[in-house]
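Q: Below: one structure in structure tokens.
The values are calculated or read from the model by the stated rules, or taken from the named source; none is laboratory data. Source: prediction; values computed, not measured. Cβ atoms come from the backbone with ideal geometry, glycine included; neighbour counts cover every protein chain shown. Surface areas here come from the heavy atoms of the whole protein model, side chains and all, with no ligands, DNA or RNA. Shrake-Rupley method; radii C 1.70, N 1.55, O 1.52, S 1.80 Å.
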Amino acid sequence: MADVRIVNRETLSDKKYRLESIEIEKTSRGQTETQIREVYFRPSAASILLHDPERKTVLLTRQFRLPVHLSHRKPEMIIEACAGVIDEGELPEHAVIREVEEETGYRISEIRQIAEGFSSPASFMEYVYFFTGIYSPDLKVNEGGGKKDEGEDIGLVELPASEARKMLETGQIRDVKTIVLLQHAIISGII
């Protein structure tokens with residue numbers, strides 16, 4: 001285990017979330033080296049794969065994402081599992097239920113946490129909680145679509161579970177959260 005000492009911290013941006021340049025001295029096996037890393041302090045998030053076991057469907061979202069656009073990968077609208085940032089003091093399970101209603105318009109209560117972990121530990125502080133949840137047509141309470149004041153314009157993509165599986169296998173699902181959730185659903189027999 002390396003001994004790490006923070007030498008300097010500089011805030012590069014603090015507009016939405018903080019981005020810092022951090023200089024460290026890391027000593028391992030008697031050798032000390034200096035490293036500079038950029039760390040993005042994005043808050044924790046929760047993501048959920050919604051499935052309807054009766055109709056054998058999954059419910060995903062479709063959104064424009066600027067990084068996808070900047071990468072020149074088409075299409076620019078990416079298919080994702082419902083997800084969002086956990087507000088300060090909020091439990092992950094409460095956040096994911098809130099996000100489902102905001103994004104999809106479904107008011108769900110039957111959820112199960114299946115995993116948690118860092119989204120990109122080399123540079124992001126973000127920690128993601130993964131859930132599966134059951135939805136059905138009778139749980140629809142509003143149109144969803146996200147929060148307009150946050151610039152969200154979210155479309156729904158309801159698919160037969162077999163089609164979602166095929167999209168995963170053919171590389172049409174390119175969001176890592178959604179890949180993890182679909183793989184879990186396949187391994188555990190949910191879809």
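Q: Would you check if there is a residue in region 76-88 being among the charged types (D, E, K, R), surrounded by 13 or more Cβ atoms within 10 Å (Cβ to Cβ) and in contact with a helix residue (DSSP H, G or I) (Cβ under 7 Å, 6 or more places away or on another chain)?
A: Yes - at least one qualifying residue is present in region 76-88.
Q: Return the residue satisfying two criteria in turn: it lies in region 141-178 and is more than 16 Å from the chain's Cα centre (by Cα), touching a residue at least 12 places away in the same chain (Cβ under 8 Å) and assigned to a loop (DSSP other than H, G, I, E, B), and of such residues it is surrounded by the fewest Cβ atoms within 10 Å (Cβ to Cβ).
A: Glu143
Q: Also, quick follow-up: Hey, can you tell me all the residues within region 13-26 that are open to solvent by less than 80 Å² (accessible area, probe 1.4 Å) and either in a loop (DSSP other than H, G, I, E, B) or of a type outside the set (D, E, K, R) (or both)?
A: Answer for region 13-26, where residues must be open to solvent by less than 80 Å² (accessible area, probe 1.4 Å) and either in a loop (DSSP other than H, G, I, E, B) or of a type outside the set (D, E, K, R) (or both): Ser13, Tyr17, Leu19, Ser21, Ile22, Ile24.
Q: Could you check region 27-56 and list, in sequence order, the residues that are farther than 19 Å from Met1 by Cβ, in a strand (DSSP E or B) and acidic (Asp, Glu)?
A: Across region 27-56, the qualifying residues are Glu38, Asp52.
Q: Restricting the search to region 27-57, which residues are more than 21 Å from the chain's Cα centre (by Cα) and open to solvent by less than 60 Å² (accessible area, probe 1.4 Å)?
A: Of everything in region 27-57, those that are more than 21 Å from the chain's Cα centre (by Cα) and open to solvent by less than 60 Å² (accessible area, probe 1.4 Å) turn out to be Thr27, Ser28, Gln35.
Q: Just a yes or no: is a residue in region 120-131 touching a strand residue (DSSP E or B) at 6+ places or on another chain (Cβ under 9 Å) and under 25 Å from Arg55 (Cα atoms)?
A: Yes, because at least one residue in region 120-131 is touching a strand residue (DSSP E or B) at 6+ places or on another chain (Cβ under 9 Å) and under 25 Å from Arg55 (Cα atoms).
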